[in-house]
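Coordinate-derived values only; no laboratory data. What you see is a predicted model, and the numbers here were worked out from it, not measured in a lab. All Cβ positions, even for glycine, are placed from backbone atoms using ideal geometry, and neighbour counts span all protein chains on display.
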Amino acid sequence: MRVMVLVKADKNSEAGLMPQPELLAAMMNYNEELVKAGVMIAGEGLKPSSQGARVHFSGENRTVTDGPFAETSELVAGFWIWEVASMEEAIEWAKRCPNPQMSDSDLEIRPLFGMEDFAEVSTPEIDAQSEQLTRDIEQQHGRYM
């Protein structure tokens, strides 16, 4: 199963403070463990919400709000995509992670949907389109998550 592991933001990540070299090294070593174990598919840090935007949908209307966004506890500072056998395995990997922030922090683990989850509502045309999109992404970027 694939999961997304979200690194929750804190006041330091939202202020754009960079980690100490020791934390960066510890995170890189952890990422190396994930890659060697065949768990890590992708992972990135996110710049502060002050450099982002939100698009709100209301019927046909779209409203754009520029960051920063107020609720730090609701924001994400980074993520991984992992391929694991179970949620329990994902939790065990998460527990091994160095604290990714300079203060107390949280990781949130969420299973990703796969096309098989939409079997009851999908059609052969949608399945074919999904397969084509996967091939197109692989061709453009050399991989597909």
Relative contact order of the stretch 2-112, defined on C-alpha pairs under 8 angstrom at six or more residues apart (%): 49
Gaussian network model of the chain, Cα within-10 Å springs - most flexible of GLU108, GLU14, GLU71: GLU71
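Less than 14 Å Cβ to Cβ from LEU75, Lys/Arg counted +1 and Asp/Glu -1: what total charge do the surrounding residues give?
Values: positive: LYS8, LYS11, LYS47, ARG54; negative: ASP10, GLU14, GLU71, GLU74, ASP106, GLU108.
Local net charge: -2.
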Gaussian network model of the chain, springs between alpha carbon atoms under 10 Å - residue of VAL39, VAL84, VAL64 with greatest fluctuation: VAL64
Cα-based Lys proximity count in the chain, under 20 Å, for pairs eight or more positions apart or on separate chains: 4
Choice from GLY67, GLY45, GLY59 showing the highest fluctuation, given a GNM over the chain with Cα pairs closer than 10 Å: GLY59
Label selected from (i) 47, 32, 26; (ii) 50, 43, 29; (iii) 68, 30, 24, the criterion being Cα extents along the principal axes in Å as computed here: (ii)
Value at 222 nm in deg cm²/dmol, rounded to 500, when DSSP H runs of n ≥ 4 in the chain each add -39,500 (n - 2.57): -10000 deg cm²/dmol
Fewest-first ranking of SER86, SER49, SER105, using other Cβ atoms within 10 Å as the exposure measure: SER86, SER105, SER49
